[in-house]
Amino acid sequence: VGAFACDTRNTTHSLSPMGGNKRTQKNNADLVLHTTNEEILQAIVDLYNAPAVEVRGKPYTAGIKEMTDHLGISCNVPRKKITVALVGNHSAGKSSFINWYIGENIQRTGVAIETAGFTIVTTGKKRESYKGEATLQLFKHLIPLIDFPGLVENLVTEICASKERAFALVDFIDTPGLADGQLEYPFDVDKVLYSVGEHCDLILVFFDPIGQALCSRTMSVIASLNEKYHTKIRYYLSKADQVPKEEDRQKVLIQITQNLSSQVKCAHAFELPTIFIPDMHEVTGSRPQP
């Protein structure tokens, strides 16, 4: 859905058959895109909730929900946006990625553990913040999380009016930074992350190159998520600009992939693309190699 949105916007904007200024063309493109997405999503909802049909006097299941219930398969209710969870050790760049994607400094970032709870970042008409049960009212598919003691008090929703990229079609879930040692969370973070995985369409796992990526808690959580949600998980080496030498970067990649291979079962080789925030080298004073 996100790729469809980006491609449609770019094509319509650059090859518009209509006259008028760029703002008019963009508004028209947004209207067409919005309508098309609504039609697609409505068709999916209709398939999900389709009633049983009668064939030769016998009722047959037609809806996706009834089919999955009959087969004992979990099936999430169709939503208007995709939900993307970001998982990783503290200071892995999860919050920085969200800020970069939406073009606003919504999430606090830093070397210290800045995200101790779960924060949902979504789009809206104006800048707002909600805490606790108000978040569950906005995202009813997350209501089962209320069963985890201590979580609701550490659940936050940040709403902003950003129009950057395909943010209108995405809800981000920024998860707590994971760390070893005596760090205590106000809830069972491992079990909550596992439960959140069920309600996500995509799970992005960030490894930083400065050693914290190999912490045992991070690996334990990833191994647990991989057992059931391996098709949703994508791995990334973040902050690649902090390792300017290609030789050192390759060593880090080898260390992480070897550790992953020992913890996580995978039928294919791990893909671990290297990423970094484009403007971060101006802050750190370092530049990545071409």
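Overview of results
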{"item": "Test for Lys140: is it touching a residue at least 12 places away in the same chain (Cβ under 8 Å) and open to solvent by 30 Å² or more (accessible area, probe 1.4 Å)", "result": "no"}
{"item": "Close pairs from the range 40-54: first touching a residue at least 12 places away in the same chain (Cβ under 8 Å), partner assigned to a helix (DSSP H, G or I), Cβ under 6 Å, at least 6 apart", "result": "Leu47/Ile64; Tyr48/Ile64; Tyr48/Lys65"}
{"item": "Residue in the range 207-216 that is open to solvent by less than 20 Å² (accessible area, probe 1.4 Å) and under 16 Å from Phe118 (Cβ atoms) present", "result": "no"}
{"item": "Filtered residue count, the range 261-285, keeping only those that are modelled with pLDDT of 90 or more and exposed (fewer than 13 other Cβ atoms within 10 Å of the Cβ)", "result": "1"}
{"item": "Residue within the range 42-63 that is in contact with a His (Cβ under 7 Å, 6 or more places away or on another chain), open to solvent by 60 Å² or more (accessible area, probe 1.4 Å) and of a type in the set (Val, Ile, Thr) present", "result": "yes"}
{"item": "Among the residues listed as Glu158, Glu133, the single one being surrounded by 16 or more Cβ atoms within 10 Å (Cβ to Cβ) and of a type in the set (D, E, K, R)", "result": "Glu158"}
{"item": "Conditions (1) among the polar types (S, T, N, Q); (2) open to solvent by 60 Å² or more (accessible area, probe 1.4 Å); (3) in a helix (DSSP H, G or I): number failed by Thr231", "result": "(3)"}
{"item": "Qualifying residue in the range 108-122 (condition: over 21 Å from Ser91 (Cα atoms), open to solvent by less than 40 Å² (accessible area, probe 1.4 Å), touching a strand residue (DSSP E or B) at 6+ places or on another chain (Cβ under 8 Å) and free of Cβ contacts under 8 Å to residues at least 40 places away in the same chain)", "result": "no"}
{"item": "Residue match in the range 143-150 (condition: of a type in the set (A, V, I, L, M, F, W, C), closer than 17 Å to Thr175 by Cβ, surrounded by 13 or more Cβ atoms within 10 Å (Cβ to Cβ) and more than 20 Å from the chain's Cα centre (by Cα))", "result": "yes"}
{"item": "Single unsatisfied condition, Lys126 versus (1) out of contact with any helix residue (DSSP H, G or I) (no Cβ under 8 Å at 6 or more places or on another chain); (2) outside any loop (DSSP other than H, G, I, E, B); (3) basic (Lys, Arg)", "result": "(2)"}
{"item": "Among the candidates Ile82, Ile73, residue that is open to solvent by 40 Å² or more (accessible area, probe 1.4 Å), farther than 30 Å from Asp180 by Cβ, of a type in the set (A, V, I, L, M, F, W, C) and without any contact (Cβ under 8 Å) to a residue 40 or more places away in the chain", "result": "Ile73"}
{"item": "Residue in the range 54-61 that is farther than 30 Å from Cys215 by Cα, at pLDDT below 80, part of a strand (DSSP E or B) and among the β-branched types (Val, Ile, Thr) present", "result": "yes"}
{"item": "Number of positions in the range 163-204 that are open to solvent by less than 10 Å² (accessible area, probe 1.4 Å), without any contact (Cβ under 8 Å) to a residue 60 or more places away in the chain and among the hydroxyl-bearing types (Ser, Thr, Tyr)", "result": "0"}
{"item": "Identity of the residue in the range 212-260, of a type in the set (A, V, I, L, M, F, W, C) and in contact with an Asp or Glu (Cβ under 7 Å, 6 or more places away or on another chain), that ends up modelled with the highest pLDDT", "result": "Val221"}
{"item": "Within the range 246-258, tally of residues that are open to solvent by less than 40 Å² (accessible area, probe 1.4 Å) and in contact (Cβ under 8 Å) with a residue 24 or more places away in the chain", "result": "3"}
{"item": "The range 62-80, subset modelled with pLDDT under 80 and small (Gly, Ala, Ser), residue farthest from Lys163 (Cα to Cα)", "result": "Ala62"}
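The values are calculated or read from the model by the stated rules, or taken from the named source; none is laboratory data. Quick caveat: nothing in here was measured; it's all calculated off a predicted structure. All Cβ positions, even for glycine, are placed from backbone atoms using ideal geometry, and neighbour counts span all protein chains on display. What goes into the accessible areas is simple: the full protein's heavy atoms, side chains included, and nothing from ligands, DNA or RNA. Shrake-Rupley method; radii C 1.70, N 1.55, O 1.52, S 1.80 Å.
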